[in-house]
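Worksheet: one structure, shown below.
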Amino acid sequence: MEAVLAKYENQINVFSEFLEDLPDTDEPVWVLGECYNVKTEKTGLLSDVHSRLWFTYRKKFSPIGGTGPSSDTGWGCMLRCGQMILAQALVCSQLGRAWRWRAEGGQPEEYHRILHCFLDRKDSCYSVHQMAQMGVGEGKAVGEWYGSNTVAQVLKKLALFDDWNSLAVYVSMDNTVVIEDIKKQCRQASRGSRLRPRPCGWGEPFTSGETPEQACSHTHGNRATACPHSQSQSRSDWRPLLLVIPLRLGINHINPVYIQALKECFKIPQSCGVLGGKPNLAYYFIGFVGEELIYLDPHTTQSAVESEAGSGVDDQSYHCLRSPRRMKITNLDPSVALGFFCKSEDDFDSWCNLIQQEMQMKRNLRMFELVENHPPHWPPFVPPTKPEVQTTGAEFIESSDKLFESEEEFEILNV
(Lines give C-alpha, C1' and ligand atoms only; values in the text may rest on other atoms or scores of the structure.)
Protein backbone atom coordinates (compact mmCIF):
# COMPACT_ATOMS: atom_id res chain seq x y z
CA MET A 1 0.00 0.00 0.00
CA GLU A 2 2.84 2.42 0.82
CA ALA A 3 4.39 1.79 -2.58
CA VAL A 4 1.06 2.45 -4.32
CA LEU A 5 0.52 5.71 -2.41
CA ALA A 6 4.05 6.88 -3.10
CA LYS A 7 3.78 6.15 -6.82
CA TYR A 8 0.40 7.89 -7.06
CA GLU A 9 1.52 11.01 -5.21
CA ASN A 10 4.79 11.29 -7.11
CA GLN A 11 2.90 11.09 -10.41
CA ILE A 12 0.65 13.95 -9.24
CA ASN A 13 3.65 16.03 -8.24
CA VAL A 14 5.51 15.49 -11.50
CA PHE A 15 2.38 16.44 -13.48
CA SER A 16 1.82 19.51 -11.32
CA GLU A 17 5.33 20.69 -12.03
CA PHE A 18 4.41 21.27 -15.67
CA LEU A 19 1.28 23.17 -14.71
CA GLU A 20 2.92 25.77 -12.50
CA ASP A 21 5.47 28.46 -13.11
CA LEU A 22 6.04 31.94 -11.80
CA PRO A 23 3.43 34.30 -13.27
CA ASP A 24 4.50 37.07 -15.62
CA THR A 25 3.14 39.89 -13.50
CA ASP A 26 3.98 43.36 -12.26
CA GLU A 27 2.56 42.52 -8.83
CA PRO A 28 5.13 42.06 -6.06
CA VAL A 29 5.95 38.57 -4.83
CA TRP A 30 6.30 38.30 -1.06
CA VAL A 31 8.29 35.44 0.51
CA LEU A 32 8.75 35.36 4.29
CA GLY A 33 9.09 39.11 4.67
CA GLU A 34 11.08 39.68 1.46
CA CYS A 35 9.61 41.41 -1.60
CA TYR A 36 10.57 40.55 -5.18
CA ASN A 37 9.79 41.77 -8.67
CA VAL A 38 9.40 38.58 -10.69
CA LYS A 39 10.47 40.29 -13.91
CA THR A 40 13.72 41.76 -12.62
CA GLU A 41 14.53 39.63 -9.55
CA LYS A 42 13.48 36.15 -10.60
CA THR A 43 16.89 34.63 -9.87
CA GLY A 44 16.93 36.04 -6.34
CA LEU A 45 13.34 34.93 -5.76
CA LEU A 46 14.04 31.37 -6.84
CA SER A 47 17.22 31.26 -4.75
CA ASP A 48 15.21 32.32 -1.72
CA VAL A 49 12.54 29.67 -2.27
CA HIS A 50 15.09 26.92 -3.04
CA SER A 51 16.99 27.76 0.16
CA ARG A 52 14.04 26.86 2.39
CA LEU A 53 14.41 23.43 3.95
CA TRP A 54 11.91 21.07 2.31
CA PHE A 55 10.73 18.09 4.33
CA THR A 56 8.64 15.47 2.58
CA TYR A 57 7.29 12.01 3.15
CA ARG A 58 10.11 9.51 3.64
CA LYS A 59 10.30 5.73 3.45
CA LYS A 60 12.67 3.01 4.61
CA PHE A 61 13.50 4.59 7.96
CA SER A 62 13.67 2.60 11.19
CA PRO A 63 10.17 1.67 12.42
CA ILE A 64 8.68 4.29 14.72
CA GLY A 65 8.63 2.95 18.27
CA GLY A 66 10.48 -0.17 17.10
CA THR A 67 7.43 -1.87 15.62
CA GLY A 68 5.52 1.00 14.01
CA PRO A 69 5.45 2.33 10.44
CA SER A 70 8.69 2.79 8.46
CA SER A 71 7.15 5.42 6.20
CA ASP A 72 4.91 8.41 6.86
CA THR A 73 3.37 8.46 3.38
CA GLY A 74 -0.33 9.28 3.57
CA TRP A 75 -0.39 10.56 7.16
CA GLY A 76 2.70 12.63 7.97
CA CYS A 77 2.22 15.74 5.80
CA MET A 78 1.39 18.09 8.68
CA LEU A 79 4.32 16.71 10.66
CA ARG A 80 6.57 17.57 7.72
CA CYS A 81 5.08 21.04 7.48
CA GLY A 82 5.70 21.48 11.19
CA GLN A 83 9.31 20.49 10.61
CA MET A 84 9.57 23.10 7.84
CA ILE A 85 8.26 26.01 9.91
CA LEU A 86 10.53 25.04 12.80
CA ALA A 87 13.53 24.61 10.48
CA GLN A 88 12.92 28.09 9.10
CA ALA A 89 13.10 29.46 12.63
CA LEU A 90 16.35 27.59 13.29
CA VAL A 91 17.88 28.80 10.03
CA CYS A 92 17.00 32.39 10.90
CA SER A 93 18.42 31.91 14.38
CA GLN A 94 21.68 30.21 13.42
CA LEU A 95 22.34 31.49 9.88
CA GLY A 96 20.16 34.57 9.41
CA ARG A 97 17.31 35.33 7.02
CA ALA A 98 19.75 36.42 4.28
CA TRP A 99 21.47 33.02 4.17
CA ARG A 100 21.18 31.16 0.85
CA TRP A 101 21.76 27.51 0.01
CA ARG A 102 24.25 26.56 -2.71
CA ALA A 103 23.76 23.30 -4.58
CA GLU A 104 27.49 22.85 -4.97
CA GLY A 105 27.95 22.54 -1.21
CA GLY A 106 30.23 24.40 1.15
CA GLN A 107 27.52 25.03 3.74
CA PRO A 108 28.44 26.15 7.28
CA GLU A 109 28.57 23.69 10.15
CA GLU A 110 25.41 25.14 11.69
CA TYR A 111 23.47 24.25 8.55
CA HIS A 112 24.38 20.56 8.84
CA ARG A 113 23.65 20.58 12.55
CA ILE A 114 20.17 21.88 11.79
CA LEU A 115 19.62 19.09 9.25
CA HIS A 116 20.77 16.49 11.77
CA CYS A 117 17.95 17.65 14.06
CA PHE A 118 15.40 16.46 11.47
CA LEU A 119 16.87 13.19 10.20
CA ASP A 120 14.41 10.30 10.21
CA ARG A 121 15.71 8.42 13.21
CA LYS A 122 14.66 8.21 16.82
CA ASP A 123 17.64 10.10 18.27
CA SER A 124 17.12 13.26 16.17
CA CYS A 125 15.31 15.79 18.31
CA TYR A 126 12.74 16.84 15.67
CA SER A 127 12.49 13.61 13.70
CA VAL A 128 9.17 12.19 12.57
CA HIS A 129 9.80 9.48 15.19
CA GLN A 130 9.92 11.97 18.05
CA MET A 131 7.02 14.02 16.72
CA ALA A 132 4.75 11.02 16.16
CA GLN A 133 5.40 9.59 19.60
CA MET A 134 5.15 12.94 21.34
CA GLY A 135 1.79 13.32 19.61
CA VAL A 136 0.47 10.40 21.65
CA GLY A 137 0.30 12.83 24.57
CA GLU A 138 -1.91 15.04 22.41
CA GLY A 139 -4.35 12.20 21.77
CA LYS A 140 -2.95 11.22 18.36
CA ALA A 141 -2.01 7.62 17.65
CA VAL A 142 1.14 6.97 15.62
CA GLY A 143 0.07 7.06 11.98
CA GLU A 144 -2.87 9.40 12.57
CA TRP A 145 -3.19 12.69 10.68
CA TYR A 146 -2.42 15.89 12.63
CA GLY A 147 -3.95 19.34 12.55
CA SER A 148 -1.90 22.53 12.72
CA ASN A 149 -2.61 23.18 16.41
CA THR A 150 -1.59 19.65 17.41
CA VAL A 151 1.71 19.82 15.58
CA ALA A 152 2.41 23.20 17.18
CA GLN A 153 1.89 21.70 20.64
CA VAL A 154 4.23 18.84 19.76
CA LEU A 155 6.96 21.23 18.61
CA LYS A 156 6.51 23.24 21.80
CA LYS A 157 7.26 20.14 23.87
CA LEU A 158 10.16 18.87 21.78
CA ALA A 159 11.89 22.26 21.77
CA LEU A 160 12.39 21.91 25.53
CA PHE A 161 15.02 19.24 24.86
CA ASP A 162 16.99 21.18 22.24
CA ASP A 163 19.66 22.92 24.29
CA TRP A 164 21.72 23.89 21.27
CA ASN A 165 19.08 26.18 19.79
CA SER A 166 17.40 27.04 23.12
CA LEU A 167 14.29 28.00 21.17
CA ALA A 168 11.17 29.16 22.99
CA VAL A 169 8.02 27.98 21.22
CA TYR A 170 4.92 29.88 22.27
CA VAL A 171 1.54 28.64 21.03
CA SER A 172 -1.28 31.13 21.52
CA MET A 173 -4.65 30.24 23.02
CA ASP A 174 -8.14 31.44 22.12
CA ASN A 175 -6.88 33.63 19.25
CA THR A 176 -5.00 35.75 21.80
CA VAL A 177 -1.29 36.56 21.99
CA VAL A 178 -0.22 37.72 25.46
CA ILE A 179 2.91 39.89 25.44
CA GLU A 180 3.51 39.44 29.18
CA ASP A 181 3.49 35.63 28.89
CA ILE A 182 5.83 35.58 25.90
CA LYS A 183 8.38 37.80 27.62
CA LYS A 184 8.17 35.65 30.72
CA GLN A 185 8.86 32.50 28.68
CA CYS A 186 11.65 34.00 26.57
CA ARG A 187 13.47 35.49 29.55
CA GLN A 188 13.42 32.16 31.34
CA ALA A 189 16.84 30.52 31.64
CA SER A 190 17.12 27.05 30.16
CA ARG A 191 17.37 24.27 32.69
CA GLY A 192 20.33 21.94 32.45
CA SER A 193 19.73 18.24 31.95
CA ARG A 194 21.59 15.13 31.07
CA LEU A 195 19.28 14.71 28.11
CA ARG A 196 20.79 17.18 25.65
CA PRO A 197 22.45 17.01 22.24
CA ARG A 198 26.10 16.02 22.37
CA PRO A 199 27.81 19.21 21.18
CA CYS A 200 30.34 17.42 19.01
CA GLY A 201 28.10 14.51 18.04
CA TRP A 202 25.11 16.43 16.62
CA GLY A 203 22.28 14.69 18.35
CA GLU A 204 23.91 11.97 20.45
CA PRO A 205 22.66 12.26 24.04
CA PHE A 206 24.95 12.38 27.02
CA THR A 207 25.14 9.20 29.01
CA SER A 208 24.05 9.15 32.62
CA GLY A 209 26.50 11.04 34.82
CA GLU A 210 28.43 12.45 31.86
CA THR A 211 29.37 16.11 31.80
CA PRO A 212 29.55 18.24 28.64
CA GLU A 213 33.32 18.32 28.98
CA GLN A 214 33.47 14.52 29.10
CA ALA A 215 31.15 14.27 26.12
CA CYS A 216 33.37 16.55 24.07
CA SER A 217 36.44 14.52 25.03
CA HIS A 218 34.99 11.52 23.15
CA THR A 219 35.42 13.50 19.95
CA HIS A 220 38.39 15.72 20.79
CA GLY A 221 40.32 13.31 22.98
CA ASN A 222 42.75 15.19 25.20
CA ARG A 223 41.87 18.36 23.32
CA ALA A 224 38.56 18.75 25.15
CA THR A 225 39.67 22.08 26.54
CA ALA A 226 39.94 23.39 22.99
CA CYS A 227 36.33 22.57 22.23
CA PRO A 228 34.14 25.69 22.59
CA HIS A 229 31.30 23.55 23.91
CA SER A 230 33.35 22.47 26.93
CA GLN A 231 33.65 26.05 28.09
CA SER A 232 31.08 27.93 30.09
CA GLN A 233 28.89 29.89 27.71
CA SER A 234 26.85 32.85 28.82
CA ARG A 235 23.23 32.94 27.69
CA SER A 236 21.51 36.07 26.57
CA ASP A 237 18.54 37.33 28.51
CA TRP A 238 16.22 36.50 25.59
CA ARG A 239 15.70 33.08 24.07
CA PRO A 240 14.87 33.09 20.33
CA LEU A 241 11.11 32.88 19.88
CA LEU A 242 8.97 30.87 17.48
CA LEU A 243 5.47 32.27 17.90
CA VAL A 244 2.69 30.05 16.54
CA ILE A 245 -0.88 31.37 16.36
CA PRO A 246 -3.50 28.68 15.54
CA LEU A 247 -6.62 30.24 14.03
CA ARG A 248 -9.90 29.34 12.37
CA LEU A 249 -10.70 31.95 9.75
CA GLY A 250 -14.14 30.73 8.77
CA ILE A 251 -16.46 27.74 9.00
CA ASN A 252 -16.06 25.59 5.89
CA HIS A 253 -14.02 28.05 3.81
CA ILE A 254 -11.82 31.00 4.63
CA ASN A 255 -13.88 34.12 5.24
CA PRO A 256 -12.90 36.70 2.57
CA VAL A 257 -12.70 39.44 5.21
CA TYR A 258 -9.52 37.81 6.57
CA ILE A 259 -7.69 37.41 3.25
CA GLN A 260 -5.93 40.77 3.21
CA ALA A 261 -4.81 40.42 6.83
CA LEU A 262 -3.45 36.93 6.08
CA LYS A 263 -1.47 38.28 3.14
CA GLU A 264 -0.05 41.02 5.34
CA CYS A 265 1.52 38.34 7.54
CA PHE A 266 3.93 37.38 4.76
CA LYS A 267 5.12 41.00 4.49
CA ILE A 268 6.25 41.21 8.11
CA PRO A 269 10.05 40.76 8.48
CA GLN A 270 9.50 38.22 11.27
CA SER A 271 7.31 36.01 9.04
CA CYS A 272 8.07 32.33 9.46
CA GLY A 273 5.29 31.04 7.21
CA VAL A 274 1.85 29.54 7.71
CA LEU A 275 0.70 25.97 8.34
CA GLY A 276 -2.50 25.06 6.54
CA GLY A 277 -3.85 23.55 3.35
CA LYS A 278 -6.99 21.60 2.66
CA PRO A 279 -8.76 18.91 4.70
CA ASN A 280 -6.20 16.14 5.35
CA LEU A 281 -3.79 17.82 2.94
CA ALA A 282 -1.18 20.03 4.61
CA TYR A 283 1.09 22.63 2.99
CA TYR A 284 3.72 25.02 4.28
CA PHE A 285 2.87 28.47 2.92
CA ILE A 286 5.81 30.85 2.53
CA GLY A 287 4.38 33.79 0.58
CA PHE A 288 1.92 35.09 -1.96
CA VAL A 289 1.56 36.82 -5.32
CA GLY A 290 -1.70 38.51 -6.20
CA GLU A 291 -4.52 36.29 -4.94
CA GLU A 292 -2.40 33.11 -4.84
CA LEU A 293 -0.42 31.61 -1.98
CA ILE A 294 3.06 30.16 -2.54
CA TYR A 295 3.80 26.94 -0.71
CA LEU A 296 6.12 23.98 -0.24
CA ASP A 297 4.41 20.64 -0.73
CA PRO A 298 5.45 17.64 1.43
CA HIS A 299 3.50 15.11 -0.68
CA THR A 300 6.50 13.50 -2.36
CA THR A 301 7.91 10.24 -1.00
CA GLN A 302 11.70 10.01 -0.85
CA SER A 303 14.01 7.48 0.77
CA ALA A 304 15.32 8.31 4.21
CA VAL A 305 18.78 9.87 4.32
CA GLU A 306 21.46 8.19 6.42
CA SER A 307 24.19 10.28 8.03
CA GLU A 308 26.70 9.62 10.77
CA ALA A 309 26.78 11.89 13.80
CA GLY A 310 29.26 14.70 13.35
CA SER A 311 29.31 14.45 9.57
CA GLY A 312 27.66 16.46 6.83
CA VAL A 313 24.29 15.52 5.37
CA ASP A 314 23.57 14.69 1.74
CA ASP A 315 21.17 17.58 1.42
CA GLN A 316 20.08 17.57 -2.22
CA SER A 317 16.69 16.04 -1.35
CA TYR A 318 16.04 18.68 1.33
CA HIS A 319 15.61 21.55 -1.13
CA CYS A 320 12.78 21.79 -3.66
CA LEU A 321 14.20 22.99 -6.98
CA ARG A 322 10.85 23.11 -8.78
CA SER A 323 9.11 26.35 -9.60
CA PRO A 324 7.19 27.60 -6.55
CA ARG A 325 3.76 26.03 -6.27
CA ARG A 326 0.68 28.18 -5.88
CA MET A 327 -2.97 27.87 -4.95
CA LYS A 328 -5.81 30.37 -4.85
CA ILE A 329 -6.15 31.81 -1.39
CA THR A 330 -9.93 31.28 -1.53
CA ASN A 331 -9.31 27.51 -1.65
CA LEU A 332 -7.52 27.55 1.70
CA ASP A 333 -9.03 25.58 4.57
CA PRO A 334 -9.98 28.01 7.37
CA SER A 335 -7.83 26.18 9.97
CA VAL A 336 -4.34 27.66 9.84
CA ALA A 337 -1.42 28.44 12.14
CA LEU A 338 0.60 31.62 11.63
CA GLY A 339 4.32 31.48 12.40
CA PHE A 340 6.68 34.31 13.37
CA PHE A 341 10.31 34.23 14.49
CA CYS A 342 11.79 36.88 16.80
CA LYS A 343 15.49 36.47 17.56
CA SER A 344 15.70 39.25 20.13
CA GLU A 345 13.42 41.17 22.44
CA ASP A 346 13.75 44.22 20.21
CA ASP A 347 12.68 42.02 17.32
CA PHE A 348 9.59 40.96 19.25
CA ASP A 349 8.77 44.53 20.25
CA SER A 350 9.03 45.52 16.59
CA TRP A 351 6.65 42.69 15.67
CA CYS A 352 4.15 43.88 18.28
CA ASN A 353 4.25 47.40 16.88
CA LEU A 354 3.73 46.15 13.33
CA ILE A 355 0.79 44.01 14.37
CA GLN A 356 -0.85 46.86 16.23
CA GLN A 357 -0.30 49.38 13.46
CA GLU A 358 -0.60 47.41 10.25
CA MET A 359 -2.98 44.57 11.06
CA GLN A 360 -5.24 45.58 13.90
CA MET A 361 -5.73 49.33 13.67
CA LYS A 362 -6.45 49.16 9.94
CA ARG A 363 -8.69 46.07 9.90
CA ASN A 364 -12.31 45.91 10.99
CA LEU A 365 -12.07 42.18 11.69
CA ARG A 366 -8.93 41.06 13.47
CA MET A 367 -7.51 37.59 12.96
CA PHE A 368 -6.26 37.53 16.54
CA GLU A 369 -5.94 39.74 19.62
CA LEU A 370 -2.65 41.11 20.91
CA VAL A 371 -2.87 42.04 24.60
CA GLU A 372 -0.27 43.38 27.00
CA ASN A 373 -1.24 41.50 30.17
CA HIS A 374 -2.31 37.98 31.02
CA PRO A 375 -6.15 37.83 31.10
CA PRO A 376 -7.25 37.65 34.77
CA HIS A 377 -9.88 34.98 34.05
CA TRP A 378 -7.27 32.63 32.53
CA PRO A 379 -5.31 30.11 34.61
CA PRO A 380 -1.88 31.42 35.67
CA PHE A 381 0.75 31.17 32.94
CA VAL A 382 3.52 28.73 33.78
CA PRO A 383 6.35 28.64 31.19
CA PRO A 384 7.04 25.08 30.05
CA THR A 385 10.24 23.64 31.47
CA LYS A 386 12.36 20.64 30.68
CA PRO A 387 12.10 17.93 33.36
CA GLU A 388 15.17 16.25 34.73
CA VAL A 389 15.28 12.77 33.24
CA GLN A 390 17.80 9.94 33.19
CA THR A 391 16.63 8.19 30.04
CA THR A 392 16.82 8.96 26.35
CA GLY A 393 15.03 8.00 23.19
CA ALA A 394 11.56 6.75 22.44
CA GLU A 395 10.78 5.34 25.87
CA PHE A 396 10.95 8.87 27.24
CA ILE A 397 8.83 10.33 24.49
CA GLU A 398 6.14 7.68 24.97
CA SER A 399 5.69 8.66 28.60
CA SER A 400 6.06 12.38 28.10
CA ASP A 401 2.35 13.08 28.45
CA LYS A 402 2.77 12.57 32.20
CA LEU A 403 5.31 15.39 32.33
CA PHE A 404 2.94 18.12 31.21
CA GLU A 405 -0.09 17.62 33.47
CA SER A 406 0.53 21.04 35.03
CA GLU A 407 -0.05 22.86 31.73
CA GLU A 408 -3.67 23.90 31.69
CA GLU A 409 -3.81 24.42 27.93
CA PHE A 410 -3.04 20.81 27.10
CA GLU A 411 -5.71 18.14 27.00
CA ILE A 412 -3.75 15.11 28.21
CA LEU A 413 -5.11 11.70 27.32
CA ASN A 414 -3.95 8.65 29.28
CA VAL A 415 -2.97 6.06 26.75
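The values are calculated or read from the model by the stated rules, or taken from the named source; none is laboratory data. Everything numeric in this text was worked out from a predicted model, so none of it was measured. Positions of Cβ are generated from backbone atoms using ideal geometry, with glycine treated the same way; all protein chains shown enter the neighbour counts. The area values use the complete protein model at the heavy-atom level, side chains included, leaving out ligands, DNA and RNA. Shrake-Rupley method; radii C 1.70, N 1.55, O 1.52, S 1.80 Å.
Here LEU370 clears all of (1) touching a helix residue (DSSP H, G or I) at 6+ places or on another chain (Cβ under 7 Å); (2) part of a strand (DSSP E or B); (3) at pLDDT 95 or above; (4) under 30 Å from ILE182 (Cα atoms) except the condition numbered (3). Scan the stretch 107-132 for residues that are open to solvent by 10 Å² or more (accessible area, probe 1.4 Å), within 18 Å of the chain's Cα centre (by Cα) and of a type outside the set (Asp, Glu) and the total you get is 7. Just one of the numbered conditions (1) open to solvent by 10 Å² or more (accessible area, probe 1.4 Å); (2) assigned to a loop (DSSP other than H, G, I, E, B) is not true of GLY44; which one? Just one mismatch for GLY44, condition (2). Can you pull out the residues in the stretch 335-355 that are of a type in the set (A, V, I, L, M, F, W, C) and assigned to a helix (DSSP H, G or I)? PHE348, TRP351, CYS352, LEU354, ILE355, listed by residue number.
Scan the stretch 80-106 for residues that are assigned to a helix (DSSP H, G or I), of a type in the set (A, V, I, L, M) and open to solvent by 20 Å² or more (accessible area, probe 1.4 Å) and the total you get is 0.
The condition of being of a type in the set (Ser, Thr, Tyr), touching a Cys at 6+ places or on another chain (Cβ under 9 Å) and free of Cβ contacts under 8 Å to residues at least 60 places away in the same chain holds for SER127.
Restricting the stretch 310-340 to residues that are in contact with a helix residue (DSSP H, G or I) (Cβ under 7 Å, 6 or more places away or on another chain) and among the aliphatic types (A, V, I, L, M), which is most open to solvent (accessible area, probe 1.4 Å)? Step by step, filter the stretch 310-340, then rank; the result is LEU321. Within the stretch 312-327, residues that are over 12 Å from LEU46 (Cα atoms) and of a type in the set (D, E, K, R) sit with their Cβ atoms under 9 Å from residues that are open to solvent by less than 40 Å² (accessible area, probe 1.4 Å) and not in a loop (DSSP other than H, G, I, E, B), at 6+ positions apart or across chains, in these pairs: ASP315/TYR111; ASP315/HIS112; ASP315/LEU115; ARG326/PHE288; ARG326/VAL289; ARG326/LEU293; ARG326/ILE294; ARG326/TYR295. Summed over the stretch 56-79, residues that are exposed (fewer than 15 other Cβ atoms within 10 Å of the Cβ) and among the basic types (Lys, Arg) total 1.
Which count do you get for residues in the stretch 242-290 that are assigned to a strand (DSSP E or B) and under 20 Å from the mean Cα position of the chain (by Cα)? Let's see the steps before the verdict.
Filtering the stretch 242-290 for residues assigned to a strand (DSSP E or B) gives 242-248, 250, 254, 271-278, 281-289.
Going one step further and asking which of them are under 20 Å from the mean Cα position of the chain (by Cα), we end up with 242-248, 271-278, 281-288.
Summing the residues that are assigned to a strand (DSSP E or B) and under 20 Å from the mean Cα position of the chain (by Cα) in the stretch 242-290 gives 23.
Based on this model, can you work out whether TRP145 counts as open to solvent by 10 Å² or more (accessible area, probe 1.4 Å), hydrophobic (A, V, I, L, M, F, W, C) and under 28 Å from MET367 (Cβ atoms)? It is true that TRP145 is open to solvent by 10 Å² or more (accessible area, probe 1.4 Å), hydrophobic (A, V, I, L, M, F, W, C) and under 28 Å from MET367 (Cβ atoms). Only a single criterion out of (1) among the polar types (S, T, N, Q); (2) in contact (Cβ under 8 Å) with a residue 24 or more places away in the chain; (3) open to solvent by 10 Å² or more (accessible area, probe 1.4 Å) is not satisfied by ASN37, namely (2). Filtered by the rule that a residue be under 13 Å from GLU306 (Cα atoms) and of a type in the set (Ser, Thr, Tyr), the stretch 115-126 gives a lone residue, SER124.
With respect to GLU144, is the statement that it is touching a residue at least 60 places away in the same chain (Cβ under 8 Å), part of a loop (DSSP other than H, G, I, E, B) and out of contact with any Pro (no Cβ under 8 Å at 6 or more places or on another chain) true?
yes
If you filter the stretch 293-321 down to residues that are part of a strand (DSSP E or B) and farther than 21 Å from LYS60 by Cα, you find that the one that is farthest from the chain's Cα centre (by Cα) is LEU293.
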